[in-house]
Amino acid sequence: MKHEEKGFMIILLIVMLSMLFMGFLYDGNAKVLPLLSGIFSAVMMGILVFMAFSPRLSTWYQKLEAATILSKVVLSAEEKKRELSVAVWFAGCTVLIYLFGFVIGIPVFLFLFLKLWAKESWLLSIVLSAVVLCVIFLSFIYILRVPLHEGIFFVN
């Protein structure tokens, strides 16, 4: 593995850990999701960083990966481009949630994803986004009374 790749992985680990520690700043139940996702992300990234610096662990993982069914599948350039596109879309979803909160970010993301990437109709994109908005509002805010992240633009 190149030094640049190792450095990038370390930077990602630092970002994941900082996001995890920022989760402690939230009040009450609002910190549960950031902490759980932060712990999971930091652990996974830590394992990858450890594998990058441990040839023995890396060799063991490569043997394990070679034994799996999925490693036999070779993606075409178009499939790789499509998978990268989906990853970028979901990174964009994370940014939307961070900036505008769950209640606005998820329906906006869903609408944009359906309309622009999946090329769905206006009607389907709007209706599904509205249904998701209602489900989020009714289930999390009204019934469960879970305080969701409101976004940095809406913090008092």
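The values are calculated or read from the model by the stated rules, or taken from the named source; none is laboratory data. What you are looking at is a predicted structure, and each value in this text was computed from that prediction instead of being measured. Note that each Cβ is placed from the backbone with ideal geometry, even for glycine, and that neighbours are counted across all protein chains shown.
Okay, residues lined up against (1) at pLDDT below 80; (2) within 19 Å of Phe8 (Cβ to Cβ); (3) assigned by TED's automatic domain parsing to the domain that holds Val146:
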{"residue": "Leu25", "(1), (2), (3)": "no, no, no"}
{"residue": "Leu33", "(1), (2), (3)": "yes, no, no"}
{"residue": "Ser37", "(1), (2), (3)": "no, no, no"}
{"residue": "Phe40", "(1), (2), (3)": "no, no, no"}
{"residue": "Val43", "(1), (2), (3)": "no, yes, no"}
{"residue": "Leu48", "(1), (2), (3)": "no, yes, no"}
{"residue": "Ser54", "(1), (2), (3)": "no, yes, no"}
{"residue": "Tyr61", "(1), (2), (3)": "yes, yes, no"}
request  = With respect to Thr68, determine if the residue is under 26 Å from Ile47 (Cα atoms), modelled with pLDDT of 90 or more and polar (S, T, N, Q).
outcome  = no
task = Out of the residues in region 79-104 that are touching a Phe, Trp or Tyr at 6+ places or on another chain (Cβ under 6 Å) and without any contact (Cβ under 8 Å) to a residue 24 or more places away in the chain, state the one that is surrounded by the fewest Cβ atoms within 10 Å (Cβ to Cβ).
result = Cys93
message = For the condition outside the structural domain of Asp27 (by TED's automatic domain parsing) and touching a Lys or Arg at 6+ places or on another chain (Cβ under 6 Å), what is the one hit in Ser129, Ser125?
response = Ser125
Single residue of Leu116, Leu112 found to be more than 21 Å from Gly23 (Cβ to Cβ) and surrounded by 14 or more Cβ atoms within 10 Å (Cβ to Cβ) = Leu112
request  = Please verify whether region 70-82 includes one or more residues that are in a helix (DSSP H, G or I), under 30 Å from Gly23 (Cβ atoms) and among the polar types (S, T, N, Q).
outcome  = no
